[in-house]
Amino acid sequence: MSNQLQGVIAAIATAVDETGAPDCARSTALARYLLANGCDGLNVLGTTGEATSFSLEERKRVMTAYRDAGLPMDRLMVGTGAASAADAVALTRHAAELGFAGALVLPPFYYKGVPDDGLVAYIDTIVKATAQQPIPIYLYHYPQQSGLHWHVALVKRLLDTFGARIVGLKDSSGDMNYARDAAAISKSFDVFPSTEAVLLDARGGAFAGCISATANLNADLCARAWKSGDTAALDAAVTIRKLFDGKQLVSGVKATLAHIHGDPAWARVKPPLAPFAAADRATTGAGYDGVRAQRVA
């Protein structure tokens, strides 16, 4: 296995059609746009991609669409975690068969307070089931949503147990002390915080990059920060991210994609998410346009 993912990775949104089904054509078109406009890679079907709101078959259909669209699979990771180990296995196997560069695995998120042994058994099930096509596994740490922690001692245990199959972690906790402690476990263990604000630290070697929802909107600015240390571009990128402080991030990103691309269909979300409020659409759209109107040297 080789692990080549680094830099600016967008947690790409998944378009939804009028029936609530995934709109694969729109989704893959956005993927191509982001890869051409600053993203080093994409995280498909994560939280921003509304993965857990889609059925198993819908998730597999979206995954297959990325391959069939001829996108560079070595630049894409995909969310395969599920409450059911069997579903996680099915999704991770499918990701491996399609050639995704990595599988991003949430802990099984329904039962809370489970022992580490149970989480190790969950990963063991996935690892053994994909041994013939050993796709690299990234742990997805988002305790505010999953209710479970890939805490540092557990991560060390997983690395000791499964070795090179566990290659990194996405940290959406917002706890930078945790992210730094996780990154310090091993030089070969890649940690991606969920905000582009860390990109200059990442350039210095602290992290492998970022996996950000708002990179759907500011990838070009993030790329300038990552590739050349452009602080003005990073400030603009972070300003765009802050437009969503205190607001619903996923529906906000999708509403802003609709604004940017002139395509109202992008504003659709799956239940239980609800469309971005009209007042929030107005303020974030104006804020985004204001940032883009400023000349960033």
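Any idea which of Ala69, Ala88, Ala36 is among the small types (Gly, Ala, Ser) and surrounded by 15 or more Cβ atoms within 10 Å (Cβ to Cβ)?
Only one candidate qualifies: Ala88.
Counting just the residues of the stretch 198-212 that are assigned to a strand (DSSP E or B) and not aliphatic (A, V, I, L, M), which one comes out surrounded by the fewest Cβ atoms within 10 Å (Cβ to Cβ)?
The selected residue is Gly209.
Phe207 passes all but one of (1) within 17 Å of the chain's Cα centre (by Cα); (2) over 24 Å from Leu76 (Cβ atoms); (3) of a type in the set (Phe, Trp, Tyr); which number fails?
(2)
Would you pick out the residues in the stretch 116-153 that are in a loop (DSSP other than H, G, I, E, B) and more than 24 Å from Asp175 (Cα to Cα)?
Within the stretch 116-153, Thr130, Ala131, Gln132, Gln133, Pro134, Ile135, Pro136 meet the criteria.
Considering only the stretch 122-138, state which residues are open to solvent by 10 Å² or more (accessible area, probe 1.4 Å) and more than 16 Å from Val155 (Cβ to Cβ).
Of everything in the stretch 122-138, those that are open to solvent by 10 Å² or more (accessible area, probe 1.4 Å) and more than 16 Å from Val155 (Cβ to Cβ) turn out to be Thr125, Lys128, Ala129, Ala131, Gln132, Gln133, Pro134.
Only one of (1) in a helix (DSSP H, G or I); (2) buried (at least 23 other Cβ atoms within 10 Å of the Cβ) fails for Tyr178. Which number is that?
Failed condition: (2).
Sort through Thr195, Thr161 and tell me the only one that's over 21 Å from Leu91 (Cβ atoms) and open to solvent by 60 Å² or more (accessible area, probe 1.4 Å).
Within the list Thr195, Thr161, the selection yields Thr161.
Please identify the pairs in which a residue from the stretch 90-101 that is over 21 Å from Tyr122 (Cβ atoms) has its Cβ atom under 6 Å from the Cβ atom of a residue that is part of a helix (DSSP H, G or I) and open to solvent by 20 Å² or more (accessible area, probe 1.4 Å), counting only partners at least 6 apart or on another chain.
Filtered contacts from the stretch 90-101: Leu98/Arg67; Gly99/Met73; Ala101/Asp74.
Is it the case that some residue within the stretch 213-229 is surrounded by 16 or more Cβ atoms within 10 Å (Cβ to Cβ) and either touching a Pro at 6+ places or on another chain (Cβ under 6 Å) or modelled with pLDDT under 95 (or both)?
The answer is no, given that none of the residues of the stretch 213-229 is surrounded by 16 or more Cβ atoms within 10 Å (Cβ to Cβ) and either touching a Pro at 6+ places or on another chain (Cβ under 6 Å) or modelled with pLDDT under 95 (or both).
The values are calculated or read from the model by the stated rules, or taken from the named source; none is laboratory data. From a predicted model like this one, the values you see are computed outputs, not experimental measurements. Methodologically, a virtual Cβ is constructed for each residue, glycine included, from the backbone with ideal geometry; neighbour enumeration extends over all protein chains shown. For the accessible areas, the whole protein counts, side chains as well, though only heavy atoms, and no ligand, DNA or RNA atoms are used. Shrake-Rupley method; radii C 1.70, N 1.55, O 1.52, S 1.80 Å.
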